[in-house]
Structures are given as C-alpha cells and as structure tokens.
Amino acid sequence: MEKDLILKVLIFILALSGLIIAFVSDRINQKETKPKEITYEIIDENEVCPEALEEIARDNELVYYLPCIKSNQIKIKFSDQTEYSLKEVLEKNILTIKELKEKGLKVIEYPLEEAVDENYIEEIPENAKKFLTLIEDNSIILTEEEIERYNEEIKKKADMVYDVEKTTSLTKSEILSYINSYQLPTLPKYNGNTTLTKNNTQSILDNRNLEAVKDLETIPKGLIIKRANLRSFPTDVHFYDQKNVADYDSIQETELHVATPVLILHESKDQVWDFIISPFYVGWVKKENIALATQEDWNNFVYHNSFAIITEAQIEVEDTILDMSVKLPYIGVTKEGYQLILPRKKEDGTVGQKQITIPKNQAHLGYLPYTKRNVYIQAFKYEGIPYSWSGMDQGVDCSSYVSNIYRSFGIKFPRNTSSQNKSVGTIIDVGNQTVSQKLNKMQNTNPSLLYQNGHVMLYLGNLDGTNYIIHAPGGKQVSVTALTESSSYLQAINKIVKVDKSFLEK
C-alpha cells in the first residue's frame, strides 16, 4: 500500500509538472508570436525625386538609399495604433530593410565600394595658401547657437535690418513713409550720354503711383527668383555724376540674391516694379524677379532645416546667378553633386521649383563652420571679381563682399558700411590714433574688419613683416593690398571690428 501511494504521488507530481511546463511553454510561445500578429503599412505621401539619394542603412555588401531626403517624412503605421517615422524604425531596429522592402518600400541599392557620400570638397584658392600659414588656432570661433545669439545682437544695434516674418500688416501712412524716405539726386546727372532733365525726374516720381498706396491688413509675400537690382525709384534710368562714365549710380541701393524673402507693399504705375521690404533694405525691384509666395514657400526656402549654401563667389545655373551664401533646400546627393531646389516663377506668378545639381566643391550642406581658415578661403574666392557699386553688373562692392563671406557662416550683416561699423562685432576705435598705434592694435586680431568712412576691408595679418588686407576697392577688383605706414587706407581707418565671442560677452 505504501509503495502504491508513493507511486501515485509521483505520477501526480509528474502530471502536474507536465501541465505547468505546457502552460509556461504556451505562454512563451504566445509572447513570441504576438509581435508577428501585429501588421503594419508604409505611408509615403511625398513626391519622389529619383536622382537624389539619402543613405538610410548599409551592411557588409550594400548601401541603401531613399530617393530624396524623406526618412523623417515616411511613416510606418502599425495595427496596434503605434506610428513611427522610417528613420525611427531603422534607428530602433523595429524592422529590417528586408522587411520594409517586402512591404513595398522603394529603396536604391549601391555596392559598398560605390557608395555616394555627402562630404563637401574643399578647394583652396592658390593665393590664400600663404595666408593660411598665419593661423595658429583654427578652432570654432562661434558655434551655431552662438551665431543665433550674435545675429540677435546685430539686430539690436543695426539700422536697415527688417524682420520680414513679423511684419504682417502696414498702414498707408507707413508704406508712404518707406517710399518717401528716398529723395531724387540733385541735377545735373547723366544717363550715359543723356543729360537728365526735370521732365525726366518728374516722370520717374509719377511712376511711384503714390495715389494708389493703400492700407495692407495682409501683406503679400514673395521670393526673389533671379539676382535683382534694388532701386530707390522705379526706373532703369541711371543717375551718374559724369557723361559716359558708368560708376556710381545714385539710385542703385543694393542687389538681392536668389531665394531672398520679400514683402510686397506697392506697385508702380507702369506695373513693372514692386516696392518691397527685404531683410536688409526697402526699395523698388522689377516684378519679373519676384514670385508670389505662400507661407509654405517661405518655410521651404527660408527656414528649411535641410539646406545647402553656395560657397563659390558666383556660379550660374539655369541662367540664374547664384552668389556666395545663397541658401537653397537640399533634397539629396548624387555622384555628380548635391541636389538642391531652385525657386522659379510659374505662369500664374507664384513660386515654382526646379531641381538642380551643384558640384560638391561649390556648395556646403548647412552653413560653413566659422573658423579662421574658412574666412580666408571664402575671402580669396572673390579675388579678381570686379567692383560694382551696390552690386550692379553682377559684381560686389566692399560691404556686400564682406557680408557674403560672413553669411556663409550664418552671420547676417546689415548691408551698408554705415550700419556695419556700429553693429557687427566688438569695436576698437582707432580714429584718433597714429598709424603705428593702429598697426599695433590690429596685431593678433586677424581676420578682423577694418572700417574707414564708406569703406570696409578684411585684415589678413602680418606676413613676413608686412600687414595685408583684402577688399573690394572702388573701380577695381577684389584684391590684396599691403597696409604700409604710408598707405592711405591705413591713415583713414577709424575702427577695427572683431567678429568673435567678445561681442556676446558685453
């Protein structure tokens, strides 16, 4: 009996153990199979640009690309109501590329040895190389966050800097105040061989169409689609000081680069010109150079997180001049270069888009790091570019020259020397000092900005006992000049301006 009881107990224990094992195994199996019961779908509502690539993964043999920069935009929606971007799914290893491909994700595969990278190709102008030897510390001068703060400080100190995003309405009186801020130059003036008369000037004044100015509760927005002259009056007539001498046109104010955002306030009587506000100037621009923009257009071209800037002094693409620091949306890369979006004008006058390819030695993804080396390289890319008053004839003047260099780093200078020399950095006043004292103050500030009345120069430093500047002198070309004690430039310098952290520490 006792043996039978023991046997029955053992059998019961074994049976119970089997049930427990089966139960646990079943629960484990259920846990393992549960994720397989969750289904998912890929939601891709974005246009495809097959020439552009975004790398999303790679293994020992292949590199996987998406057509266009959109891994943050493609959504993976699961049946348990969770939703992730494609980028999150890949980063968290929720799904593999193979699984996503089986579900219909369109990817482009390249062998590992043929991978397409996004690396900027640096090209150093030959004449910059000897000045690069002066750099002892090439660390970052200002970080991206510091540059944002820097720009806010510039806004506080500068005039002729306009916040186009925050200006949403204007009264008739305010618009007239902007237009009437310009006065026609005193005669005599000349348009080539023609002597301008009072009848000429009255016709220009009438074309302002002042009687049609009205309150604007909502201000139309626009984007510059071609490099454009900004004039103080709505006319192509030049106001030169001498006959047959095309030098300083008194009503040419500045040039506007491609993709510059503008507010459109008023139209000329001949319907050829618009009076606009740009971030750095107000004035008249030909309507053919402006496309009407929605807020979405502005966000895409002005505030897009994925962008590239032009790093050459000038390039021409699609019959469009792109200046240094022009900022365009980045959509991907090919072996030929970066794929960017150029703003165009559609038949209805609104913003359109054109995909272009820019070689990697002519553009940079995001702003260039702000280092001394990059300042020198950008400065020398302009060497030999002709001077032109206020940016006429595709050239640069002294203030637009330095502005374009520093905008390559995201530092937004005001347009004119009169505003720059009181707002863009830490000012060292040397107006009452001797040339020897000025030279002494300059040492170890390179690269810094040197201002005299109406002119700005970039100080390169002391090389082999001689101090040098690079600048855009009137009537000449961007060039390097020795700054000797007898130099008229040195004698006229009244301010040294350092563009560094000291400006933020005050």
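Residues in segment 200-215 that are within 30 Å of residue 323 (Cβ to Cβ) and in contact with a helix residue (DSSP H, G or I) (Cβ under 8 Å, 6 or more places away or on another chain): 208 alone.
Residues in segment 285-309 that are free of Cβ contacts under 8 Å to residues at least 60 places away in the same chain, aromatic (Phe, Trp, Tyr) and out of contact with any helix residue (DSSP H, G or I) (no Cβ under 9 Å at 6 or more places or on another chain): 303 only.
When you check residue 315 against the structure, is it surrounded by 17 or more Cβ atoms within 10 Å (Cβ to Cβ), within 15 Å of the chain's Cα centre (by Cα) and free of Cβ contacts under 8 Å to residues at least 60 places away in the same chain, yes or no? In short, no. Report yes if residue 211 is of a type in the set (D, E, K, R), closer than 22 Å to residue 286 by Cα, surrounded by fewer than 18 Cβ atoms within 10 Å (Cβ to Cβ) and over 27 Å from the mean Cα position of the chain (by Cα), otherwise no. Here the answer is yes, as residue 211 does meet what is asked. Confirm whether residue 147 is at pLDDT 95 or above and assigned to a helix (DSSP H, G or I). Spelling it out, residue 147 is indeed at pLDDT 95 or above and assigned to a helix (DSSP H, G or I). Would you mind stating whether residue 93 is surrounded by 13 or more Cβ atoms within 10 Å (Cβ to Cβ), out of contact with any His (no Cβ under 6 Å at 6 or more places or on another chain) and either at pLDDT 90 or above or not in a helix (DSSP H, G or I) (or both)? Judged against the criteria, residue 93 is not a match.
The criterion of at least 3 residues that are in contact (Cβ under 8 Å) with a residue 60 or more places away in the chain is met by the following strands (runs of 3 or more DSSP E) wholly inside segment 391-466: 426-429, 455-463. For segment 412-457, the candidate set comprises residues that are among the small types (Gly, Ala, Ser) and surrounded by fewer than 22 Cβ atoms within 10 Å (Cβ to Cβ); within that set, the residue that is nearest to residue 367 (Cα to Cα) is 423. From the list 375, 351, the one residue that fits, being assigned to a strand (DSSP E or B), in contact (Cβ under 8 Å) with a residue 60 or more places away in the chain and not aromatic (Phe, Trp, Tyr), is 351.
Only residues that are acidic (Asp, Glu), buried (at least 22 other Cβ atoms within 10 Å of the Cβ) and in a loop (DSSP other than H, G, I, E, B) were counted in segment 250-275, giving 0. Out of the residues in segment 458-469 that are touching a Leu at 6+ places or on another chain (Cβ under 9 Å) and more than 20 Å from residue 398 (Cα to Cα), which is surrounded by the fewest Cβ atoms within 10 Å (Cβ to Cβ)? Per the criteria, the residue is 466.
Screening the candidates 403, 388 for the property of being surrounded by 15 or more Cβ atoms within 10 Å (Cβ to Cβ), more than 22 Å from residue 374 (Cβ to Cβ) and within 27 Å of the chain's Cα centre (by Cα) yields one hit, 388.
Here residue 61 does not qualify as of a type outside the set (A, V, I, L, M, F, W, C), over 30 Å from residue 329 (Cβ atoms), surrounded by 12 or more Cβ atoms within 10 Å (Cβ to Cβ) and at pLDDT 85 or above.
Among the residues of segment 416-425, is any modelled with pLDDT of 95 or more and over 23 Å from residue 391 (Cα atoms)? The answer is yes, given that some residue of segment 416-425 is modelled with pLDDT of 95 or more and over 23 Å from residue 391 (Cα atoms). For residue 176, the conditions (1) under 30 Å from residue 504 (Cβ atoms); (2) surrounded by 11 or more Cβ atoms within 10 Å (Cβ to Cβ) are fulfilled apart from (1). The set of residues from segment 470-506 being assigned to a strand (DSSP E or B) and surrounded by fewer than 15 Cβ atoms within 10 Å (Cβ to Cβ) comprises 477, 482.
Consider residue 97 carefully, then state whether it is over 18 Å from residue 369 (Cα atoms) and outside the structural domain of residue 280 (by TED's automatic domain parsing). Yes; evaluated as a whole, the condition is true for this residue.
On the given criteria, is residue 220 out of contact with any Leu (no Cβ under 8 Å at 6 or more places or on another chain), at pLDDT 95 or above and not charged (D, E, K, R)? Taking the combined requirement at face value, the residue does not satisfy it. Summed over segment 167-201, the residues that are in a loop (DSSP other than H, G, I, E, B), more than 20 Å from residue 244 (Cβ to Cβ) and of a type in the set (A, V, I, L, M, F, W, C) give a count of 1.
Please go through segment 102-140 and give me each residue that is touching a helix residue (DSSP H, G or I) at 6+ places or on another chain (Cβ under 7 Å) and aliphatic (A, V, I, L, M), ordered by number. Scanning segment 102-140 gives 107, 124, 128, 132, 135. Being out of contact with any helix residue (DSSP H, G or I) (no Cβ under 8 Å at 6 or more places or on another chain) and either surrounded by 16 or more Cβ atoms within 10 Å (Cβ to Cβ) or part of a helix (DSSP H, G or I) (or both) is the filter here, so list the residues in segment 45-58 that pass it. Listed by number, the residues that qualify are 49, 52, 53, 54, 55. The set of residues from segment 64-81 being in a loop (DSSP other than H, G, I, E, B), surrounded by 18 or more Cβ atoms within 10 Å (Cβ to Cβ) and touching a Ser or Thr at 6+ places or on another chain (Cβ under 9 Å) comprises 69, 71, 74.
Restricting segment 32-58 to residues that are at pLDDT below 75 and in contact with a Cys (Cβ under 8 Å, 6 or more places away or on another chain) leaves a set whose member that is nearest to residue 118 (Cα to Cα) is 48.
The values are calculated or read from the model by the stated rules, or taken from the named source; none is laboratory data. These numbers come from a predicted model, not from an experiment. Backbone-built Cβ (ideal geometry, glycine too); neighbour counts: all protein chains shown.
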